[in-house]
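A quick write-up on the structure given underneath.
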Amino acid sequence: MQSLPDGYRALVLGATGAIGGAMAAQLRTDPRCAAVRTLARGSTPALDFGAPGSIAAAAQALHAEGPWHLVLVATGMLQGPTGNPEKRLAELQADHMAASFAINTIGPALALAHFAPQLARDERSLFAVLSAKVGSIGDNRLGGWVSYRASKSALNMVVKTAAIELDRTHPQCVLAALHPGTVDSALSAPFRGAQIGRPAQDAACDLLAVLDHLTPEDSGGFWAYDGQRLPW
């Protein structure tokens, strides 16, 4: 991460996932990175987007370890105990939609609310969340996956709105929503992820490279792993 100050400090939320783990691993190989802190359900402190109180508690516990120059939210839910992604509207269930928003929208939004104030104020900083191209309203040509699409679209709005506010207090900060592409991971495994996806290490490298080249004028944008700006 050549654009960040020498000795930058990084924080990865959701580091037990394939992409989050790969990002943390890559950052640890960067001699310019002074520290990489990772949080997940089993970490100390614990971070669970299904338990909103844990987000505030984790931020409070880590406050003295900042300021952070790079915060990555690498979480996401496509299916789970509440069901699978819907193929048609008739399959829509309230509990599955609520769970999708809890993990894909509300959790990252609360992470922004509690961790963004810990970003470095007088130096360049980056805050990125994993979104998905299927969350693009303008690019939606197939339909389906209502809960997942809607939760990622809502996440994109959170990113855009938060970027406007952060610009007032952290003018050198870049906030971005990132589309990693199809990655061989637990999330994509039921959908031929191992066959059509690429390694998480490749996705992590691409996403960090995209972030490294974004400017404050790009803050609030929605970007693909290849650097393409995606439509809302």
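The values are calculated or read from the model by the stated rules, or taken from the named source; none is laboratory data. Model, not experiment: these values are computed from the prediction. So basically every Cβ, Gly included, is an ideal-geometry build from the backbone, and we count neighbours across all protein chains shown. Side chains included, ligands, DNA and RNA excluded: accessible areas come from the protein's heavy atoms. Shrake-Rupley method; radii C 1.70, N 1.55, O 1.52, S 1.80 Å.
Taking all protein chains into account, the per residue accessible area for the chain stands at 45 Å² (1.4 Å probe).
Carbon-plus-sulfur accessible fraction, the stretch 24-99 (probe radius 1.4 Å, protein heavy atoms only): 56%. The solvent-accessible area of residue 16, taken with every protein chain present and a 1.4 Å probe, is close to 120 Å². Remark: accessible surface ordering of 173, 205 (largest first) is 205, 173, probe radius 1.4 Å. Rounded to the nearest 20, the size of the Cβ-charge dipole of the stretch 73-166 about its Cα centre is 280 debye, with Lys and Arg at +1 and Asp and Glu at -1.
All C-alpha to C-alpha distances of the stretch 1-66, sorted into 10 Å bins beginning at zero, yield P(r) values of 21, 48, 28, 3 percent in whole numbers. Of the trypsin sites (Lys or Arg not before Pro) found in the stretch 50-146, the ones in coil according to DSSP and having at most 10 other Cβ atoms within 10 Å of their Cβ are 88, 141. Sorted largest first, the principal axis extents computed over the alpha-carbon atoms of the stretch 86-178 equal 51, 26, 16 Å. Contact order, relative form, for the chain: 22 percent (alpha carbon pairs under 8 Å, 6 or more residues apart, mean separation divided by residue count). Each listed q (0.16, 0.18 Å⁻¹) maps to a log10 I(q)/I(0) for the chain, found by the Debye formula over equal Cα scatterers with no solvent: -1.12, -1.45.
Stokes-Einstein diffusion for the stretch 57-138, with the hydrodynamic radius set to the Kirkwood value over Cα pairs and evaluated at 37 °C in a medium of 0.692 mPa s, equals 223 µm²/s. Result for the chain in a Gaussian network model with C-alpha springs under 10 Å: among 24, 99, 56, the largest mean-square fluctuation is at 56. In the assembled protein chains, residue 217 presents an accessible area of approximately 150 Å² (probe radius 1.4 Å). Only helices enter this figure: runs of n ≥ 4 DSSP H residues, each worth -39500 (n - 2.57), summed and divided by the residues of the chain, yield -10500 deg cm²/dmol at 222 nm to the nearest 500.
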